[in-house]
């Protein structure tokens with residue numbers, strides 16, 4: 001998903017993450033969850049942190065940044081998500097929001 | 001577990017804007033492998049390496065540096081200081097890659113050229129049109145930097161007369177085939193992966209035979225559907241292919257894509273995958289420079305080589 005500004009990114013993230021049913025099927029396949037210190041190192045955690053960010057209910061704390069930037073974008077989670085969420089797209093869009101918030105990419 | 005992300009992103013953005021590569025190194029490292037090969041420079045089909053094989057020795061040197069930083073509580077601060085001081089520590093570390101790794105990347109690129117030539121593919125290599133694709137910028141969410149970079153890459157390919165490009169790794173194939181058309185207005189270059197091209201040509205390579213364990217890269221397997229092509233080529237070259245517990249679409253990541261952000265995490269994942277591969281055999285085939293680098297770092301007891309070397313009888 002190409003970023004066309006923060007609001008478009010938020011709208012995309014809200015739409016995708018609204019499909020999450022919290023089933024956790026994605027977690028068994030994630031390479032990073034097993035090695036991470038919290039659930040944000042897995043796809044379910046990432047999807048729900050992204051949802052909170054997009055809704056303006058969370059900010060980019062170090063835990064949120066770690067959650068998003070520890071993702072390998074390997075798409076293993078896509079194989080088992082019954083909601084068909086574009087989880088990697090959500091992670092990328094959330095990273096783009098972070099970049100915009102940090103004014104890294106002028 | 002994750003380094004100072006903002007500082008790493010700033011480094012990547014600044015360096016890419018400056019010299020087209022997300023690291024403080026001379027862009028010539030991307031094209032020097034072809035010097036003396038006498039490849040034609042003009043043609044409407046260009047070999048576009050995307051620079052990933054060539055950059056891996058430098059990324060490995062960076063990861064070694066970052067692993068040291070990560071082990072210190074002040075890692076983020078040190079990285080910030082390094083950037084402010086003109087990246088002296090960082091540039092110094094990256095400027096000294098392992099020469100064997102540099103030579104290995106050149107050997108892979110030359111093997112790919114030989115395979116294409118043997119298969120009867122007509123192509124040119126224009127050094128001024130080759131360069132880094134920007135895939136890491138896209139992955140990191142640096143959308144504006146990536147867009148500007150992609151436009152520059154596209155313009156130099158067009159200027160060189162490219163109507164079709166041959167890509168050689170999963171990340172570059174993915175970004176050129178799936179992402180550039182979305183980010184670059186009017187993108188009209190056909191993208192073809194070399195493994196697909198070798199199969200289309202009905203090329204039968206000749207290798208040294210024996211049993212090999214195949215490691216599918218995530219992007220080939222899940223995004224681009226390149227699963228059968230490498231297997232058929234390896235089988236034609238006389239190898240018996242051993243499948244790890246997780247293979248094909250169910251493959252397991254090498255841990256690579258985050259090595260410059262979370263090196264320790266990356267190494268843990270690579271070790272897990274290397275163990276899994278070793279259950280089937282010692283000789284491992286990789287199809288991606290990132291997988292090659294990460295699995296090599298973690299699987300010291302394995303004999304890991306790029307598919308191009310197996311197919312050309314050099315492994």
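So which of B:156, B:118 ends up being in contact with a helix residue (DSSP H, G or I) (Cβ under 6 Å, 6 or more places away or on another chain) and surrounded by fewer than 22 Cβ atoms within 10 Å (Cβ to Cβ)?
Within the list B:156, B:118, the selection yields B:156.
Out of (1) in contact with a helix residue (DSSP H, G or I) (Cβ under 7 Å, 6 or more places away or on another chain); (2) in contact (Cβ under 8 Å) with a residue 12 or more places away in the chain; (3) over 19 Å from residue B:266 (Cβ atoms), what's the single condition that is false for residue A:23?
(1)
Per-residue answers, yes or no, for (1) surrounded by 15 or more Cβ atoms within 10 Å (Cβ to Cβ); (2) within 9 Å of chain B (Cβ to nearest Cβ); (3) within 18 Å of residue B:143 (Cα to Cα); (4) out of contact with any strand residue (DSSP E or B) (no Cβ under 6 Å at 6 or more places or on another chain):
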{"residue": "A:40", "(1), (2), (3), (4)": "yes, no, no, yes"}
{"residue": "A:49", "(1), (2), (3), (4)": "yes, no, no, yes"}
{"residue": "A:55", "(1), (2), (3), (4)": "no, no, no, yes"}
{"residue": "A:66", "(1), (2), (3), (4)": "yes, yes, no, yes"}
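Only one of (1) under 18 Å from the mean Cα position of the chain (by Cα); (2) more than 13 Å from chain A (Cβ to nearest Cβ); (3) without any contact (Cβ under 8 Å) to a residue 40 or more places away in the chain is not met by residue B:284, so which one is it?
Going through (1) under 18 Å from the mean Cα position of the chain (by Cα); (2) more than 13 Å from chain A (Cβ to nearest Cβ); (3) without any contact (Cβ under 8 Å) to a residue 40 or more places away in the chain one by one, residue B:284 breaks only (3).
If residue A:71 passes every condition in (1) more than 13 Å from chain B (Cβ to nearest Cβ); (2) part of a loop (DSSP other than H, G, I, E, B); (3) surrounded by 16 or more Cβ atoms within 10 Å (Cβ to Cβ) but one, which one does it miss?
Result: residue A:71 fails condition (1) only.
Given the options B:175, B:214, name the one that is closer than 27 Å to residue B:252 by Cβ, in contact (Cβ under 8 Å) with a residue 40 or more places away in the chain and within 14 Å of chain A (Cβ to nearest Cβ).
Criteria check complete, one pass: B:175.
Across segment A:93-103, what is the total count of residues that are part of a helix (DSSP H, G or I) and either more than 9 Å from chain B (Cβ to nearest Cβ) or more than 10 Å from residue A:50 (Cβ to Cβ) (or both)?
Residues in segment A:93-103 being part of a helix (DSSP H, G or I) and either more than 9 Å from chain B (Cβ to nearest Cβ) or more than 10 Å from residue A:50 (Cβ to Cβ) (or both): 6 in total.
Please verify whether segment B:165-174 includes one or more residues that are in the same structural domain as residue B:148 (by TED's automatic domain parsing), surrounded by fewer than 21 Cβ atoms within 10 Å (Cβ to Cβ) and either within 22 Å of residue B:288 (Cα to Cα) or in contact with a strand residue (DSSP E or B) (Cβ under 7 Å, 6 or more places away or on another chain) (or both).
No - not one qualifying residue is present in segment B:165-174.
Hey, among the residues in segment A:74-92 that are more than 16 Å from residue B:140 (Cα to Cα), part of a loop (DSSP other than H, G, I, E, B) and touching a helix residue (DSSP H, G or I) at 6+ places or on another chain (Cβ under 6 Å), which one's farthest from the other protein chains (Cβ to nearest Cβ)?
If we filter segment A:74-92 for residues that are more than 16 Å from residue B:140 (Cα to Cα), which is where we start, we get A:76-86.
If we keep only those that are part of a loop (DSSP other than H, G, I, E, B) too, we end up with A:76, A:80-86.
Retained after the next criterion (residues that are touching a helix residue (DSSP H, G or I) at 6+ places or on another chain (Cβ under 6 Å)): A:76, A:80-81, A:85-86.
Numbers: A:76: 7, A:80: 10, A:81: 13, A:85: 15, A:86: 12 Å.
Here the residue is A:85.
Out of the residues in segment B:126-150 that are in a loop (DSSP other than H, G, I, E, B) and within 11 Å of another protein chain (Cβ to nearest Cβ), state the one that is surrounded by the most Cβ atoms within 10 Å (Cβ to Cβ).
Filtering segment B:126-150 for residues that are in a loop (DSSP other than H, G, I, E, B) and within 11 Å of another protein chain (Cβ to nearest Cβ), the one surrounded by the most Cβ atoms within 10 Å (Cβ to Cβ) comes out as B:141.
The values are calculated or read from the model by the stated rules, or taken from the named source; none is laboratory data. In this text, all values refer to a predicted model and were calculated from it rather than measured experimentally. FYI the Cβ positions are ideal-geometry reconstructions off the backbone, even for glycines, and counts take in every protein chain you see.
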